[in-house]
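The values are calculated or read from the model by the stated rules, or taken from the named source; none is laboratory data. From a predicted model like this one, the values you see are computed outputs, not experimental measurements. Because the Cβ atoms are built from the backbone with ideal geometry, glycine has one as well, and the counts that use them run over all protein chains shown.
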Amino acid sequence: MKRILLLVSIAFLLTSCASAPKTTSPTSDVASGTSRTLAPEPELRLRLADTREDIMAVFVALHAALQDPGAPLSGPVLFGQRPLIEAQNPQLGTFGLADVMLETDDQIGDNPLHRRLDGVMRLADPMGRDAYWSCAAEYIVQDEGILILSSAMMPVQGRFDRIHLFFVSPEQLPAPEYLRDVDHAQLLEIAASNALSPDEIAAENGVRELLLFVIDMTRSAADTSLALYSDGSIADAAVRSSTSQNDDGWRSLMVEGAFRFGPAADYRLYITEESPTRPESRVLAEVEPGST
């Protein structure tokens, strides 16, 4: 009797649909000024609590295997074979499973308990940075748990870039030579804790010498870089130097220059991605520092 009730419960889960709101993947989050984001089409994201129990269990198990690829494959979700991970060093020790984008949820053959799913996991760390992983799994729901017959995961790059910009007074920071040696997480903390607030930027009227930090909050390819361009004159935005860094996929750009703010400012800044395998730059965000 217990077995029949369990199968009925699982069958109900497999035929029910979890409701989820559509959200837009943000491309830029500017600490000062306004921006026009260049985001991809809205994705269907699910909180784990909104998914079916079997889907939630599979994603959690895949995330655990990704965090520690060499760990024993044991627990309520078992693996018939070790997942195929298309990356040599995921480095995701502090990244928790935030939400998922379920792209495929299919029954295989005539057995409603034999399933296949495809989707994207968004992993987030305490600093608000994201890493996206595409995953696929074929699994069977059993009385004693779930058996994942086969699975694979690979990083997703260039699809969900999310840019933060910070204008910082040079007097608040150590020498730029020092900042060029800090890692991505340290640079984000330094920039965010010393940045001018939106109210302070709104109160500016004229040209001011500042450091501009452009920080990609999403892990990307290790061979790409960020660059900044302006469509205004040198009287609006004069860049003296810029340093682009890629810390194993974590990208940042530090710009030293003078920027105009206030009603007379009439220019845009363009943040682009430069890649050795692509002849043209890809625009990630547009920013209007003079707008309030």
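Here's the yes/no breakdown for (1) outside the structural domain of Glu209 (by TED's automatic domain parsing); (2) in contact with a His (Cβ under 6 Å, 6 or more places away or on another chain); (3) over 19 Å from Met56 (Cα atoms); (4) without any contact (Cβ under 8 Å) to a residue 12 or more places away in the chain:
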| position | (1), (2), (3), (4) |
| --- | --- |
| Phe95 | yes, no, no, no |
| Asp110 | yes, no, yes, yes |
| Trp133 | yes, no, no, no |
| Ala136 | yes, no, no, no |
| Leu147 | yes, no, no, no |
| Ala175 | no, no, yes, yes |
| Tyr178 | no, no, yes, yes |
Is it fair to say Gly206 is assigned by TED's automatic domain parsing to the domain that holds Leu62 and of a type outside the set (A, V, I, L, M)? no
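Condition test on Leu92, is it out of contact with any Cys (no Cβ under 6 Å at 6 or more places or on another chain) and modelled with pLDDT of 95 or more?
no
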What single numbered condition from (1) touching an Asp or Glu at 6+ places or on another chain (Cβ under 9 Å); (2) surrounded by fewer than 19 Cβ atoms within 10 Å (Cβ to Cβ); (3) over 22 Å from Pro126 (Cα atoms); (4) of a type in the set (A, V, I, L, M, F, W, C) fails to hold for Ala185? (3)
Sole exception among (1) touching a strand residue (DSSP E or B) at 6+ places or on another chain (Cβ under 8 Å); (2) at pLDDT below 95 for Ser151, by number: (2)
(1) part of a helix (DSSP H, G or I); (2) buried (at least 19 other Cβ atoms within 10 Å of the Cβ) all hold for Tyr178 apart from (2)
Looking across the range 149-173 at residues that are hydroxyl-bearing (Ser, Thr, Tyr) and assigned by TED's automatic domain parsing to the domain that holds Arg52, the single one that is nearest to Ala192 (Cα to Cα) is Ser151
Suppose we filter the range 203-231 for residues that are over 20 Å from the mean Cα position of the chain (by Cα), under 20 Å from Ala285 (Cα atoms) and surrounded by fewer than 19 Cβ atoms within 10 Å (Cβ to Cβ); how many remain? 3
Restricting attention to the range 191-218, which residues are in a strand (DSSP E or B) and out of contact with any helix residue (DSSP H, G or I) (no Cβ under 8 Å at 6 or more places or on another chain)? Ala195, Gly206, Val207, Arg208, Leu212, Val214, Asp216, Thr218
Quick check: anything in the range 137-159 under 14 Å from the mean Cα position of the chain (by Cα), assigned to a strand (DSSP E or B) and among the charged types (D, E, K, R)? no
Take the range 239-292 and flag every residue that is more than 17 Å from the chain's Cα centre (by Cα), in a strand (DSSP E or B) and among the hydroxyl-bearing types (Ser, Thr, Tyr). Ser241, Ser242, Thr243, Ser244, Tyr270, Ser275, Ser281
